[in-house]
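The block underneath contains the structure these notes are about, expressed in structure tokens.
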Amino acid sequence: MAREMILRDEDATIRLAIKLAESAQAGDAILLSGPLGAGKSLFARAFLRAFCHAPHLEVPSPTYTLVQSYESPSCVVSHFDLWRLGGPDELEELGWDEAREGVVLVEWPQKLEDLLPEDALKLEIRVLADGQRQARLAGWEDRLKEADLAGVGTDV
């Protein structure tokens with residue numbers, strides 16, 4: 001069952017990322033979708049800083065490198081931006097199989113095609129007319145029930 005919430009501002013997106021980072025563990029995949037400018041990279045940056053326990057971690061966009069990897073206290077976390085990916089066959093060169101042993105954040109996950117992890121958390125961020133964001137979370141049902149998302153956004 002999906003959960004939807006309104007994220008009033010960037011701080012709400014950051015709070016959501018922090019809460020989900022607290023629930024993430026090795027082997028997890030978080031698939032980020034939404035239009036350009038929706039806040040996928042903002043979410044990824046906040047998630048990486050929280051998961052790595054490094055609030056000042058420099059997190060460049062992987063748009064041109066396609067993947068950036070970071071050491072965390074528990075495992076490696078890899079941030080993939082597949083916007084420029086030609087097809088899923090190119091993922092092997094990027095170390096997809098090895099990255100799946102840690103945590104992966106994937107922007108533009110539709111490029112994964114048949115490699116989409118079934119147990120992934122899917123986060124879709126949409127821009128509303130008033131500039132707020134609507135987040136739709138699907139997957140991780142048990143963990144989302146346990147995660148305290150109160151105060152992050154307004155449930156829809």
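FYI, it's all coordinate maths here, none of it is from the lab. Because the structure is a prediction, the values reported are computed rather than measured. So basically every Cβ, Gly included, is an ideal-geometry build from the backbone, and we count neighbours across all protein chains shown.
Each peptide in 117-127, 98-108 gets a packing score, the mean of other Cβ atoms within 10 Å over its residues, and the list from highest to lowest is 98-108, 117-127. If you take all other residues with their beta carbon under 11 Å from the beta carbon of ALA50, and give Lys and Arg +1 and Asp and Glu -1, the sum is +3. Taking the C-alpha atoms only, the angle from helix 10-23 to the longest principal axis of the chain is near 60 degrees. The residue among LEU85, LEU31, LEU7 whose Cα reaches farthest toward the positive pole of the charge dipole of region 3-155, with charges on the beta-carbon of Lys, Arg, Asp and Glu, is LEU7. The lysines within cross-link reach of LYS111, meaning a Cα-to-Cα straight distance under 19 Å and a gap of 8 or more places when in the same chain, are LYS40, LYS122.
Quick check: net charge around ARG8, other residues with Cβ under 15 Å of its Cβ, Lys/Arg +1 and Asp/Glu -1? Surrounding charge for ARG8 is -3. Taking chymotrypsin sites (Phe, Trp or Tyr not before Pro) across region 1-110, the ones in a DSSP loop with at most 15 further Cβ atoms lying within 10 angstrom of their Cβ are TYR64, TRP83.
Under 15 Å from the Cβ of SER23, count the other residues' Cβ atoms, weight Lys and Arg +1, Asp and Glu -1, and hand me the total. Net of charged neighbours comes to -1.
The listed peptides 33-39, 11-17, 54-60, ordered by packing as a protection proxy, come out as 11-17, 33-39, 54-60 (highest mean of other Cβ atoms within 10 Å first). In a reduced charge model with +1 at each Lys and Arg Cβ and -1 at each Asp and Glu Cβ, region 14-104 shows a dipole moment near 640 debye about its Cα centre. Around the Cα centre of the chain, unit charges on the Cβ atoms of Lys, Arg, Asp and Glu (plus for the first two, minus for the last two) sum to a dipole of about 680 debye. Solvent-free Debye calculation, one equal scatterer per alpha-carbon of the chain: log10 I(q)/I(0) at 0.09, 0.11 Å⁻¹ equals -0.25, -0.38. Straight-line reach from LYS145: taking Cα to Cα under 15 Å and skipping same-chain neighbours fewer than 8 places apart, the aspartates and glutamates in range are GLU4, GLU22, ASP155.
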